[in-house]
1. Which residue pairs have Cβ atoms closer than 7 Å, lie 6 or more positions apart in sequence or on different chains, and pair a first residue in region 211-222 that is among the hydroxyl-bearing types (Ser, Thr, Tyr) with a second residue that is in a strand (DSSP E or B)?
2. When you check residue 183 against the structure, is it under 20 Å from residue 227 (Cβ atoms), among the aromatic types (Phe, Trp, Tyr) and assigned to a loop (DSSP other than H, G, I, E, B), yes or no?
3. In this structure, does residue 107 turn out to be basic (Lys, Arg), modelled with pLDDT of 95 or more and touching a Ser or Thr at 6+ places or on another chain (Cβ under 9 Å)?
4. Pick from 221, 201, 207: which is hydrophobic (A, V, I, L, M, F, W, C) and touching a strand residue (DSSP E or B) at 6+ places or on another chain (Cβ under 8 Å)?
5. Output the strands (runs of 3 or more DSSP E) that fall wholly within region 108-176 and possess 1 or more residues being under 15 Å from the mean Cα position of the chain (by Cα), or say none.
6. What strands (runs of 3 or more DSSP E), lying completely within region 41-107, carry at least 1 residues that are β-branched (Val, Ile, Thr), surrounded by 15 or more Cβ atoms within 10 Å (Cβ to Cβ) and more than 20 Å from the chain's Cα centre (by Cα)?
7. Looking at 185, 146, 153, which is the one that is in contact (Cβ under 8 Å) with a residue 40 or more places away in the chain and either more than 26 Å from residue 307 (Cα to Cα) or in contact with a strand residue (DSSP E or B) (Cβ under 7 Å, 6 or more places away or on another chain) (or both)?
8. Would you call residue 308 within 24 Å of residue 237 (Cβ to Cβ) and polar (S, T, N, Q)?
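The values are calculated or read from the model by the stated rules, or taken from the named source; none is laboratory data. Small disclaimer: the values here were computed from a predicted structure and weren't measured. Here the Cβ is made from the backbone with ideal geometry for all residues, glycine too, and neighbour counts use every protein chain on show.
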Amino acid sequence: MRTPNEAPRFSIAVALLLGIGCGEGEAGLAPRTIDGFVERSTKIACVRQDAPSEAAGVVEDLVATSDSTFLVLYGLDRRVVHYRSDATPLFEVEFEENGPSGVKQPRSVALVDDSLLYITDVGRRQIKILDHAGRDRGVLRTDVPPSVVRSGPSGVLMAAFPLARGGAVARLVHVLDADAGAFRPLETPVAPFHDLRVEALANLIELTPLGDGTVIAAHQLITSRAFVIRPRGSGFTVRETTVPVPRAASRRLGKVPSELFEKEEIDEIATPVLAASHDRASGDYLYLTRTGRPGPEGGTEKAIIRATPDLEYLRSWILDVNAQRFAYLGKSRTAIVIDHDAGWHRCVLE
């Protein structure tokens, strides 16, 4: 059963997989493991805090917009709120399902040029653009269902929902050509699996722009594959690699349980990158993963890993909450964490 704040992209893909057999095989490069992970990690006590007064429903997306501000998309409420680090709102935008500001299936949000909100609409294959007042500022049509949208020094990028009507998509990451007003695919092919439903689950992407223009496109589930995308001239270079994972968690890579209704079975799915953020001061990449051990509140133990832009392990923190999403605010060295039950926490990464 879905918990109140379970990641929606994860839940949708799990639903596609009900009743299938076990899929094997880590796609692409061999996984990289972190030995002695528990001993090398710092255990931290997160502080639970009251949710913002306007917070309600499912947090569909959570992303840092600076070293002291973050953006939240409340999907079911069709609302976006931009917060300061103390969770007081800078601005709030509401939108409808239909009409000039309509978004039918909101999944992800990005703040572009500090003035515009780009909101993905999976079913309509488009990205809706709104200003701070909620006024319609146009729409970007996409050839594939847009799952994630992010903005950074390299522009606006989109990750495709990997299972489209009529079959799987060909490329996972797309970049906006501002002159043409359209997205073009980068050389980020899907990780192939025998069953299209497994392929859909394995190719859900967490997209994270870094301060130097690098973009990390990491698979969230089943495979630890990732792409390091860097601007070069008028284009981009793409390097395929893997994210380092705790050795105990690496045993689940490439495996899909045969039954996914039960929470215990969902917990067996490898989750190399459940969520990600970055440190604007150092340029480092931070990602939320499972340690491979039982965790608090009946869930699996989670940790935040800090890595270089080339995905080399630096250090890690084991959390005492069952985290599902986070945004890193570098000014206070704090991760704003939302747990499996929609609880809000502040975790200082000393």
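1. The qualifying pairs are 214/228; 214/229; 214/230.
2. Details: under 20 Å from residue 227 (Cβ atoms): yes; among the aromatic types (Phe, Trp, Tyr): yes; assigned to a loop (DSSP other than H, G, I, E, B): no.
For residue 183, the condition - under 20 Å from residue 227 (Cβ atoms), among the aromatic types (Phe, Trp, Tyr) and assigned to a loop (DSSP other than H, G, I, E, B) - is not met.
3. Numbers: basic (Lys, Arg): yes; modelled with pLDDT of 95 or more: yes; touching a Ser or Thr at 6+ places or on another chain (Cβ under 9 Å): yes.
So residue 107 fits the description; yes.
4. Values: 221 fails: touching a strand residue (DSSP E or B) at 6+ places or on another chain (Cβ under 8 Å); 201 fails: touching a strand residue (DSSP E or B) at 6+ places or on another chain (Cβ under 8 Å).
None of the other options fit; the residue is 207.
5. Working: elements: 116-121, 126-131, 136-141, 146-152, 155-160.
Ranges flagged: 116-121, 146-152, 155-160.
6. Values: elements: 47-49, 59-64, 69-74, 79-84, 89-94.
Output list reads 89-94.
7. Details: 185 fails: in contact (Cβ under 8 Å) with a residue 40 or more places away in the chain; 146 fails: in contact (Cβ under 8 Å) with a residue 40 or more places away in the chain.
None of the others qualify; the one that does is 153.
8. Details: within 24 Å of residue 237 (Cβ to Cβ): yes; polar (S, T, N, Q): yes.
Against the criterion (within 24 Å of residue 237 (Cβ to Cβ) and polar (S, T, N, Q)), residue 308 qualifies.
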